[in-house]
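Asks: If you scroll down you'll find the structure; I have some questions about it.
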Amino acid sequence: MDLYMMNCELLATCSALGYLEGDVYHKEPDCLESVKDLIRYLRYEDETRDVRQQLGAAQILQNDLLPLITQYLQDKLLFDAVVRLMVNLTQPALLCFGKVPRDPGSRHCFLQVVSYLQAYKEAFASAKVFGVLSEKLYDLLQLDWEQRQEEDNLLVERILLLVRNVLHIPAEPEEDKSVDDDANTHDRVLWAIHVSGMDDLLKFLASSSAEQQWSLHVLEIISLMFRDQDPEQLAATGQARPAKEQAADLMDLEVLRQGELAERRSRAFQRGSRHSRFGGSYVVQGLKSIGDRDLVFHKGLHNLKEHSHDLGKEPRRVPKRRQPAWEAEPRRRSALNVRLFLREFCGDFLESCYNPLMRLVKDQLLQEKSQQHDETYYLWAVAFFMAFNRGRHFRPELVSETVSVRAFHFIEQNLTAYYEAMLLDKQEATSWARRMHLALKAYRELLTTVQEMDRSPDEAVRDSSKIIKNNIFYLMEYRELFLALFRKFEESRQPRSFLRDLVETTHLFLKMLEAFCRGRNNLVVQSKRVRRKKQPRAGQAAPPALLCVPQELEELWPSLAEQLSACAQGAQPLPEDVIPFDAASETPVEEQRAEAMVRIQDSLLGRRAPAALILLRCAREVWPKQDVFGSPQAALEEEIQLLRQILFAPLPRQAVPEVEEPGEEEEEEEEEVEEELASVQVSEKEFNFLDYLKRFASGNVVKAYVLLLRGYRQNSAHTNHCVAKMLHRIACDLKMEALLFQLSVFCIFRRLLSDPSAAAYKELVTFAKYILGKFFALAATNKKVYVELLFWKNTATVREMTEGYGSLQEGESSGVRRAPKWTPQEEEELRELYLKYKGVEGADVVGSILAHLRAPGRTRKQIIKQLVRLGLAESERDFPRERKGTRLVLWTEEQELELQRLFEEFQGADDILGNIMKHLTAKRSRARVVEKLLSLGLVAERKELYKKRKRKPGLPGMSEDRSLWGAAGREDSAEEESDSDEEEAWEEGGSGDRAVEGHWEQGSENQVALEQDVQGLARHLRQGGLAGSLLWLQNCLNRVAEDREEDGTAQPVPLVPLLEENEDAMENQGFQKLLRKVGVRAPANEQESFWRIPAKLSPEQLRRAAASIAQEETEGEEGSLGGPDSGPEQRAQALQTLRLARRKRGAPAVPEKETPGPKQPPVSPGADLERDPPVQSQLGPKRSRVIHSDDDEDPKSQAEVPAQPDPSSAGEGTQPPRWRKRLRIEEKEDD
């Protein structure tokens, strides 16, 4: 940025800091005020971060700020202000902009800020600067907790944040291209930290029990220190190279040597460029050209292998959303002295800091005392330090805090949460994938550590490892985790490194599980099965499963009466193991009464009269009220008559979910969607390793392994071994080698076999030859396998390829449920039943056929399709399913007269609509009844049908809020009626939403009255001590309005109270009345717990509602604090007096209104990165007083409140704004 384009005020402020003369910096008298002005400018910079760019171009940090803190360390006020300014200047660019901008202009500003940050990092690579910071931090940590002030804690936090920001700055692209063992800027900063002694202070903060509040800061700084380091390489620094690494290097050199020899041989076979036209032409038999003839090749034979029909074609452009995910930056090896220092730091950290720090961080994460995504630092520390411990000298006691079943559970929970968030949050899927990769690394390191514990000479360590393996292999979540990750792997979201780590972790898990099962004959594990059942909507009665016409029931009853008579004479015994209800069922006992009645009817229809009789008597004992199952003193004759009534009664039944047939079409869109209820059944079963391995024999898993195999040259030897081992398990152990009969796999095999360095991949070459041999052996008997090469296959297709294409229809375990064929006898029975029930009026023909069909297992769809095939019906639409409300659509004349009569009868009642619904013969919905009443002209508007609610007077036992609200409600009876009307409207579902929305619309007649009602309600609530909750509601409404303007879409937003006072307010009747007034919807049913802001309210309506809530505060209370002639000092004194008076009587203080001034630009996001320090609770009585202070003035001058200028007399000057804040000082009172 050009310095001549710098803002004049900003340039003047920077010039007032001081000047550098040689190595000595001379500060100006108003240096402190200039630093504070720069902080204000940064707070109100625009979205392009112009102030930050101008300060970076002027190199203020390098030329002014760093010399100030190094030479004026004793000036406490100046040091605090400069550190605060540097924390703001060095904050990450991603935090300044919120996200990486996409438009070119904003992206240029983003990259410009990043370049200035890299220049700042170069300036901080000085031992002198970090020496000053370390000295100041050491002096602050020497103070006891009683002596340390709040300003000291803030300075400690700002120093840690400054170190964090400097280490977070990315390296320059030119430095990434440097060779290993070369010191870059990050290495120089690390060396300055080491020389200054800052690393020792970090270890002290991590291990001290008195400094636990800085644990997450310390862990974040340590993670940034080691971001470019490999833990295993770092552990081996300064030691002799092991033989394993030397062998790996020799293998890499051999691969390069073989490739070079092959290239030299290929050049020897090539001819010169001269006389190229006389090299000959060849006809390639079996390879067709564009037409039907064989291809004519005009080049030398040595180029034949490189021929392809794709030569000269333009490559297909891959869309951006399908491009492979961006890989992380490759790690580089730091300078030797830096690696030695980091190795020593890791050793000391493991010895004294790791276990207490990780325990403390995990507790803070579980108690949600941390910021969002802070668990990623915990996951990184688990993966890094446990790998370093293995590479150095494996000592399990140093990492005992993270080697436990709880650690496995914590990491598995985070991994599953990241996995689900990646599937749901499409826009941030890449970020969730990176976090998931970090959790996967930690999970792999836990497994590797447990495997290392098995080899320990200590028996106690081996026993601990066995206990951990028993737990993780027993639970189903740990076994299903890898299958879920493979199933949802997407190359466009997850990088290739994630797939590599996933394959290696799966290989390790399977290897440990196989070894664990090898010595056990009957390993029992936990199994979870999700059973899904469909439940009809509330109020929807399912059609009866067994329908019998009255003539059949009359024929059935004599035989049942004979059985009951035999039971009375004792000739036939009664069953004793009959239970009328299920005590373990989720359905309440009272609701199982109807089910018991249906069971009695089913027993009678099944010709089991003794069972029906004993079930009736048992049900009478469970439900003796109202004599539903007869009186307790009923005789046998009365019981027989009651059973007859039950047999002939049309009882409502629950719908039995039908088994869907494969390939059948979905139901029509008009059909009601049934709610799915899933119940998880936990059981135990004997574990079989091969059965578990079969879960990996799927197309998605094989695709992922083949994708990783495609880059076998870039893979390590261990990665290629893991891929070959899994494919060998599928092909050899499971005998499913046909899963690999795919053209892309064969292309990889062809490239592998023709590779000059194929000797280095002996395992892969052997496996490729085995698969190709199996393919050509199968091709000799099945010529269709050549076509199968074009498709990925599943296990069913593999079986058809190997056993024959008709084996699935004949086999029993095909995995697909097919409908059994209809025999001639069944078709004849179906025809007879259809002709029998076709003429029955009002009966469900298909239901009757299904009830009397002898062949079990038939579904409704199968019967309908067979009727169409037999020609008995034209189409499936001839048998529509009975739906709710389809029979009662039109109102008959008798029904209209009945509705008119009921309305006239209950017109004076409190609940007109409720009484009509109870006495209406033809049951209809409330909405239909209301519409009919409006069309008949019996009511003019819906409000006349709402239930009239009567308020009870305040009782002595009422709470303070309720009695206060009752008094307020009695003052305005009309307001109560309108509120009850709105409350009834919400219960009606949706009509209240439209009513409130209409009130808030501009130009509405009720708008002024509604605003007055809201202001009156807010005034009473403030008097009742709910001012804080009203402010929370106002902020929620404004925030939702801003979100809807930005997104352009509107969805219902729940009001979730996080504070206890807001929770209590949501239960207050007066506060709920205010919510309904402004348009907030109450919970609709039992499944909703929170009130919701409806989607129909526009941003303008939400802002108008929020302004109505706040209008009384701004115009009522504060407006009465002083007259028009009162000055700012009298106004501030009056506000302070009002707050103190309210605090004495328990009411919250009035929030101070900011001094009016010129309109300010929006506050810069992320202007203050400081974490909120934990509040130390103090015992004993306290007194609190409120003072006003300028946040940028000296503490000495805080007691004096300068008079603010009158806003009406503001001149045209461009002084920076003076913001005021309110401080509450709490002091202990003497006993």
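The values are calculated or read from the model by the stated rules, or taken from the named source; none is laboratory data. Predicted, not measured: the structure shown is a model, and the values here were computed from it. Quick reminder, even Gly has a Cβ in these numbers, built from the backbone with ideal geometry, and neighbours come from all protein chains shown. For accessibility, only protein heavy atoms count, side chains too; no ligands or nucleic acids. Shrake-Rupley method; radii C 1.70, N 1.55, O 1.52, S 1.80 Å.
Asks: Considering only residues that are of a type in the set (Phe, Trp, Tyr) and open to solvent by 40 Å² or more (accessible area, probe 1.4 Å), which ones fall in the range 354-379?
Replies: Listed by number, the list holds a single entry, 377.
Asks: While we're here: Give the residues of the range 135-148 that are under 20 Å from residue 209 (Cα atoms) and in contact (Cβ under 8 Å) with a residue 40 or more places away in the chain, sorted by residue number.
Replies: 137, 138, 141, 145
Asks: Take the range 108-126 and flag every residue that is under 38 Å from the mean Cα position of the chain (by Cα), open to solvent by 30 Å² or more (accessible area, probe 1.4 Å) and either hydrophobic (A, V, I, L, M, F, W, C) or over 16 Å from residue 91 (Cβ atoms) (or both).
Replies: 108, 111, 119
Asks: List pairs: first residue in the range 734-751 and touching a residue at least 60 places away in the same chain (Cβ under 8 Å), second residue open to solvent by less than 40 Å² (accessible area, probe 1.4 Å) and assigned to a loop (DSSP other than H, G, I, E, B) anywhere in the structure, Cβ distance under 8 angstrom, at least six positions apart or on different chains.
Replies: 736/697; 738/793; 741/789; 741/793
Asks: Here's another thing I want to ask about it. Is at least one residue of the range 175-184 open to solvent by less than 70 Å² (accessible area, probe 1.4 Å) and closer than 21 Å to residue 77 by Cα?
Replies: There is no residue in the range 175-184 that is open to solvent by less than 70 Å² (accessible area, probe 1.4 Å) and closer than 21 Å to residue 77 by Cα.
Asks: Residues to consider are 601, 592; find the one that is modelled with pLDDT of 80 or more, of a type outside the set (Ser, Thr, Tyr) and under 53 Å from the mean Cα position of the chain (by Cα). Explain how you work it out, then say what you get.
Replies: Values: 592 fails: modelled with pLDDT of 80 or more.
601 is the lone residue from the list that is modelled with pLDDT of 80 or more, of a type outside the set (Ser, Thr, Tyr) and under 53 Å from the mean Cα position of the chain (by Cα).
Asks: Suppose we filter 160, 133, 141 for residues that are assigned to a helix (DSSP H, G or I) and under 38 Å from the mean Cα position of the chain (by Cα); which single one remains?
Replies: Step by step, each of 160, 133, 141 is checked, and only 160 is assigned to a helix (DSSP H, G or I) and under 38 Å from the mean Cα position of the chain (by Cα).
Asks: Out of the residues in the range 127-148 that are open to solvent by 30 Å² or more (accessible area, probe 1.4 Å) and touching a Ser or Thr at 6+ places or on another chain (Cβ under 9 Å), state the one that is nearest to residue 70 (Cα to Cα).
Replies: Going through the qualifying residues, I end up with 128.
Asks: Restricted to the range 462-518, and to residues that are part of a loop (DSSP other than H, G, I, E, B) and touching a helix residue (DSSP H, G or I) at 6+ places or on another chain (Cβ under 6 Å), which residue is least open to solvent (accessible area, probe 1.4 Å)? Before you say what the answer is, go through the steps one by one.
Replies: Keep residues of the range 462-518 that are part of a loop (DSSP other than H, G, I, E, B), which gives 475, 488-495.
If we keep only those that are touching a helix residue (DSSP H, G or I) at 6+ places or on another chain (Cβ under 6 Å) as well, we get 489, 492-494.
Working: 489: 35, 492: 38, 493: 41, 494: 4 Å².
In this case the residue turns out to be 494.
Asks: Being touching a residue at least 40 places away in the same chain (Cβ under 8 Å), small (Gly, Ala, Ser), open to solvent by 50 Å² or more (accessible area, probe 1.4 Å) and more than 21 Å from residue 1017 (Cα to Cα), is that true of even one residue in the range 1089-1098?
Replies: No; the residues of the range 1089-1098 include none that is touching a residue at least 40 places away in the same chain (Cβ under 8 Å), small (Gly, Ala, Ser), open to solvent by 50 Å² or more (accessible area, probe 1.4 Å) and more than 21 Å from residue 1017 (Cα to Cα).
Asks: Additional query: If a residue has to be modelled with pLDDT of 80 or more and farther than 30 Å from residue 263 by Cβ to count, how many in the range 327-346 make the cut?
Replies: 13
Asks: Does residue 751 count as modelled with pLDDT under 95, closer than 28 Å to residue 493 by Cα, over 35 Å from the mean Cα position of the chain (by Cα) and assigned to a helix (DSSP H, G or I)?
Replies: When the stated conditions are applied, residue 751 passes them.
Asks: Another question, if that's okay. Which residue, of 387, 325, is surrounded by 14 or more Cβ atoms within 10 Å (Cβ to Cβ), over 28 Å from the mean Cα position of the chain (by Cα) and among the small types (Gly, Ala, Ser)?
Replies: Result: 387 is the single residue among 387, 325 that is surrounded by 14 or more Cβ atoms within 10 Å (Cβ to Cβ), over 28 Å from the mean Cα position of the chain (by Cα) and among the small types (Gly, Ala, Ser).
Asks: Could you run through the range 15-27 and say how many residues are out of contact with any Asp or Glu (no Cβ under 7 Å at 6 or more places or on another chain) and either in a helix (DSSP H, G or I) or farther than 22 Å from residue 129 by Cβ (or both)?
Replies: Result for the range 15-27: 1.
Asks: Looking only at residues in the range 908-927 that are assigned to a loop (DSSP other than H, G, I, E, B) and of a type in the set (S, T, N, Q), which one is least open to solvent (accessible area, probe 1.4 Å)?
Replies: The residue in question is 925.
Asks: List every residue pair whose Cβ atoms lie under 6 Å apart, where the two residues are 6 or more positions apart in sequence or sit on different chains, the first residue falls within the range 59-88 and is farther than 19 Å from residue 167 by Cα, and the second residue, located anywhere, is open to solvent by 10 Å² or more (accessible area, probe 1.4 Å) and in a loop (DSSP other than H, G, I, E, B).
Replies: 78/72
Asks: Filter the range 834-848 down to the residues that are closer than 16 Å to residue 869 by Cα and surrounded by 14 or more Cβ atoms within 10 Å (Cβ to Cβ) and list them by number.
Replies: Residues satisfying the conditions are 834, 846.
Asks: Identify the single condition in (1) in contact with a helix residue (DSSP H, G or I) (Cβ under 8 Å, 6 or more places away or on another chain); (2) outside any helix (DSSP H, G or I); (3) open to solvent by 10 Å² or more (accessible area, probe 1.4 Å) that residue 91 does not satisfy, given that it satisfies every other one.
Replies: Only one criterion is unmet by residue 91, namely (3).
A quick yes/no check of all residues on (1) within 20 Å of residue 1110 (Cα to Cα); (2) open to solvent by less than 20 Å² (accessible area, probe 1.4 Å); (3) touching a residue at least 12 places away in the same chain (Cβ under 8 Å):
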{"residue": "1029", "(1), (2), (3)": "yes, yes, yes"}
{"residue": "1034", "(1), (2), (3)": "yes, no, yes"}
{"residue": "1038", "(1), (2), (3)": "yes, no, yes"}
{"residue": "1050", "(1), (2), (3)": "no, no, yes"}
{"residue": "1053", "(1), (2), (3)": "no, no, yes"}
{"residue": "1058", "(1), (2), (3)": "no, no, no"}
{"residue": "1068", "(1), (2), (3)": "yes, yes, yes"}
{"residue": "1071", "(1), (2), (3)": "yes, yes, yes"}
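Asks: For residue 400, which of the numbered conditions (1) small (Gly, Ala, Ser); (2) crowded, with 21+ Cβ neighbours inside 10 Å; (3) within 21 Å of residue 232 (Cα to Cα) fails to hold?
Replies: (2)
Asks: Something else: Identify, from the list 219, 202, the residue that is free of Cβ contacts under 8 Å to residues at least 24 places away in the same chain, part of a helix (DSSP H, G or I) and open to solvent by less than 20 Å² (accessible area, probe 1.4 Å).
Replies: 202
Residues are listed down the side, and each one gets a yes or a no for (1) among the hydroxyl-bearing types (Ser, Thr, Tyr); (2) under 16 Å from residue 710 (Cα atoms); (3) open to solvent by 80 Å² or more (accessible area, probe 1.4 Å):
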| site | (1), (2), (3) |
| --- | --- |
| 748 | no, yes, no |
| 759 | no, no, no |
| 764 | no, yes, no |
| 768 | no, yes, no |
| 773 | no, no, no |
| 776 | no, no, yes |
| 781 | yes, no, yes |
| 787 | no, no, yes |
| 795 | yes, no, no |
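Asks: Return the only residue of 389, 355 being of a type in the set (S, T, N, Q), assigned to a helix (DSSP H, G or I), at pLDDT 85 or above and in contact with an Asp or Glu (Cβ under 7 Å, 6 or more places away or on another chain).
Replies: Step by step, each of 389, 355 is checked, and only 355 is of a type in the set (S, T, N, Q), assigned to a helix (DSSP H, G or I), at pLDDT 85 or above and in contact with an Asp or Glu (Cβ under 7 Å, 6 or more places away or on another chain).
Asks: Taking the conditions exactly as written (open to solvent by 10 Å² or more (accessible area, probe 1.4 Å), within 20 Å of residue 334 (Cα to Cα) and modelled with pLDDT under 95), does residue 187 satisfy them or not?
Replies: No; evaluated as a whole, the condition is false for this residue.
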